[in-house]
Amino acid sequence: MEAAIAVSIASSLATAYYTKVNSDRQKKAIKSANRAAKESARLQDEHAKLALAEQQRKNRNLLAQQQATYKANLGALGTSSKSGTGQTYLNALQREHDIEDKYLVNQAKISSEALLNSLGNTTNTNLLRLNSLNSESKLNSLNSLGNIGSSFSRTMIK
């Protein structure tokens, strides 16, 4: 009978140990997934910012080119770009550029917010999984203790 108690206790302890080891492994995997998601979000955000800066640079260059071409055409015609229709056209080009730039910045903000929301969702999901693992681990520990106690009490009764 004492051998049965020893086997039962050893079995319960082994189960508790392997449950703990597996739980720890899963916790490490969840924490690693959180770090990877944060790093991925950071890299994506950095890439988006670089892409925005590059697009803004291209748009500024295009605006300067369009303005220079128009000023050259006006100069060839002998008219001034400082007043009248010439200035109105140049102002319209500038406004168009400003609108496009504002649109690009707003799109980048929306993209960044979506990225942060996605990261938040991933982190929250992983936190829920971690809490679930902690609860399961505590429950398994209590069950193991209960099994040890019931094995011991059954032997004591006999």
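A few points about this structure:
- Anchor Lys82: lysines whose Cα lies under 19 Å away (excluding residues fewer than 8 positions away in-chain): Lys71
- The alpha-carbon of Lys102 sits under 17 angstrom from the alpha-carbons of these aspartates and glutamates, leaving out residues fewer than 8 places away in its chain: Glu54, Glu113.
- Note on Ser141 and Tyr103: their simple-model spin labels are 5.9 nm apart, each label 7 Å out from Cα toward Cβ.
- Eigenvalues of the alpha-carbon gyration tensor of the range 7-88, scaled by 5 and square-rooted, set the equivalent ellipsoid semi-axes at 73, 8, 5 angstrom, largest first.
- Each residue, Gln56 and Leu43, gets one label point 7 Å from its Cα in the Cβ direction; the gap between the two is 2.5 nm.
- Amide N of the range 30-51 lying under 16 Å from the label point, which is placed 7 angstrom from the Cα of Asn121 along Cα→Cβ: 37-38, 41
- Close amide H contacts of Thr79 (hydrogens built in the peptide plane, cut-off under 5 Å, sequence separation of 5 or more or a different chain): none are found.
- Placing +1 on the Cβ of every Lys and Arg and -1 on the Cβ of every Asp and Glu, with no other charges, gives the range 80-141 a dipole of roughly 140 debye about its Cα centre.
No value in this document is a laboratory result; all are computed from the given coordinates. Worth saying up front: this structure is predicted, and the values here are computed from it rather than measured. Every residue, glycine as well, gets a Cβ built from its backbone with ideal geometry; the counts of neighbours run over all protein chains shown.
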